[in-house]
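What follows is calculated from the coordinates using simple rules that are stated; it is not laboratory data. Here the structure is a predicted model, which means the values were calculated and not measured. Cβ atoms come from the backbone with ideal geometry, glycine included; neighbour counts cover every protein chain shown.
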Amino acid sequence: MKIIMLGAPGAGKGTQAKKIAEKYQIPHISTGDIFRANIKNGTELGKKAKTYMDQGLLVPDELVCDLVVDRVQQEDCRNGYILDGFPRTIPQAESLDRALAALGESVDYAVNVEVPDENIVNRMGGRRACVGCGATYHLVYAPTKKEGICDTCGAELILRDDDRPETVQKRLGVYHEQTQPLIDYYSKKGILKDVDGTMDMGAVFQAITEILGA
Ligand code: ADP
Ligand code: ADP
Ligand code: ZN
């Protein structure tokens, strides 16, 4: 099963993608996580990506597409995968479709997690990320057992630089301009599935599993 997660920054794509990956035993591929790992390790890709990410802008397509196309051809992806944060532009979607078509494959579902902008600001302001393992929490909606400490690995939690209110507004603008057109793109392909992302996490997950079946 090949799944794409669509939605605004902070809509809950990552939260749901992790749960889906676990349930269906497929890899969760987050381009944001890949970039953040590269930044942490000081790679050339990380250095380039950071200049865009810090400004709330998208990393250029040419730095993203090959990376994802390579990743989905790895052995662990043979039974499918869930893409979180990719594609984010029409050229990225076209590049993925071309690469898959060359393998005789295609995306099965584009799950669109719908959350209005006014809820997003709340979601992002309260989001906390683990510096150790990258796990995501929320001060109110997904708190850790011990404040400021990751439940999974014990490392410290931070507010991501790009989750500060000024950058969030910028990212929302970028989303509406560059990513939202993908809703129409996948709708025309007949694989778009809308989900109400304002429900609590468990209810959103249930709605998604009903779409995916089993
Ligand atoms: P969120 O989960 O809040 O939407 P991500 O972790 O997916 O954020 O992405 C963080 C940042 O990484 C984005 O704002 C963008 O700069 C960059 N990024 C991630 N995925 C892509 C992509 N597919 N294309 C371009 N930039 C990307
Ligand atoms: P995305 O990957 O789309 O950027 P995340 O999964 O990181 O979004 O979620 C953004 C923030 O909102 C996180 O702090 C997360 O814990 C929280 N969150 C996710 N889903 C929900 C939900 N259904 N209700 C309330 N908060 C949520
Ligand atoms: Zn952790």
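Please determine, by comparing only the residues of the stretch 34-49 that are touching a helix residue (DSSP H, G or I) at 6+ places or on another chain (Cβ under 8 Å) and more than 15 Å from ALA129 (Cβ to Cβ), which one is surrounded by the most Cβ atoms within 10 Å (Cβ to Cβ).
Looking at residues that are touching a helix residue (DSSP H, G or I) at 6+ places or on another chain (Cβ under 8 Å) and more than 15 Å from ALA129 (Cβ to Cβ), I get ALA49.
Output the number of residues of the stretch 20-33 satisfying the condition of being part of a strand (DSSP E or B) and either exposed (fewer than 13 other Cβ atoms within 10 Å of the Cβ) or of a type in the set (Phe, Trp, Tyr) (or both).
So the count comes out to 0.
Within the stretch 177-188, how many residues are out of contact with any Ser or Thr (no Cβ under 9 Å at 6 or more places or on another chain) and either in a loop (DSSP other than H, G, I, E, B) or in contact (Cβ under 8 Å) with a residue 40 or more places away in the chain (or both)?
So the count comes out to 4.
Report yes if LEU172 is part of a helix (DSSP H, G or I), within 13 Å of ligand 2 (Cβ to nearest atom) and surrounded by 14 or more Cβ atoms within 10 Å (Cβ to Cβ), otherwise no.
Yes; evaluated as a whole, the condition is true for this residue.
Output yes when any residue across the stretch 112-122 is within 14 Å of ligand 1 (Cβ to nearest atom), buried (at least 17 other Cβ atoms within 10 Å of the Cβ) and farther than 22 Å from GLY202 by Cβ, and no when none is.
no
Can you pull out every residue in the stretch 79-102 that is in contact (Cβ under 8 Å) with a residue 40 or more places away in the chain and of a type in the set (Gly, Ala, Ser)?
Those that are in contact (Cβ under 8 Å) with a residue 40 or more places away in the chain and of a type in the set (Gly, Ala, Ser): GLY80, GLY85, ALA93.
In this structure, is THR152 assigned to a loop (DSSP other than H, G, I, E, B), out of contact with any Asp or Glu (no Cβ under 7 Å at 6 or more places or on another chain), in contact (Cβ under 8 Å) with a residue 60 or more places away in the chain and more than 12 Å from ligand 1 (Cβ to nearest atom)? Before the answer, list the steps.
Details: assigned to a loop (DSSP other than H, G, I, E, B): yes; out of contact with any Asp or Glu (no Cβ under 7 Å at 6 or more places or on another chain): yes; in contact (Cβ under 8 Å) with a residue 60 or more places away in the chain: no; more than 12 Å from ligand 1 (Cβ to nearest atom): yes.
Judged against the criteria, THR152 is not a match.
Exactly one condition in (1) in contact with a Gly (Cβ under 9 Å, 6 or more places away or on another chain); (2) more than 16 Å from ligand 2 (Cβ to nearest atom); (3) of a type outside the set (D, E, K, R) is false for ILE29; which is it?
(2)
In the stretch 190-214, which residue that is without any contact (Cβ under 8 Å) to a residue 40 or more places away in the chain and not aliphatic (A, V, I, L, M) is nearest to GLU94 (Cα to Cα)?
Here the answer is GLY190.
Of all residues in the stretch 34-78, count the ones that are more than 19 Å from PRO91 (Cβ to Cβ), outside any loop (DSSP other than H, G, I, E, B), of a type in the set (D, E, K, R) and in contact (Cβ under 8 Å) with a residue 40 or more places away in the chain.
The number of residues fulfilling the criteria is 2.
What number of residues within the stretch 98-122 satisfy the criterion of being charged (D, E, K, R) and more than 18 Å from the chain's Cα centre (by Cα)? If you could, list the steps in order and put the result at the bottom.
Here is the first cut: in the stretch 98-122, the residues charged (D, E, K, R) are 98, 105, 108, 114, 117-118.
In the following step, the residues that additionally are more than 18 Å from the chain's Cα centre (by Cα) were identified as 98, 105, 118.
The total comes to 3.
Just to be sure, is ILE34 within 16 Å of ligand 2 (Cβ to nearest atom), of a type in the set (A, V, I, L, M, F, W, C) and within 23 Å of ASP97 (Cα to Cα)? Let's see the steps before the verdict.
Details: within 16 Å of ligand 2 (Cβ to nearest atom): yes; of a type in the set (A, V, I, L, M, F, W, C): yes; within 23 Å of ASP97 (Cα to Cα): yes.
Against the criterion (within 16 Å of ligand 2 (Cβ to nearest atom), of a type in the set (A, V, I, L, M, F, W, C) and within 23 Å of ASP97 (Cα to Cα)), ILE34 qualifies.
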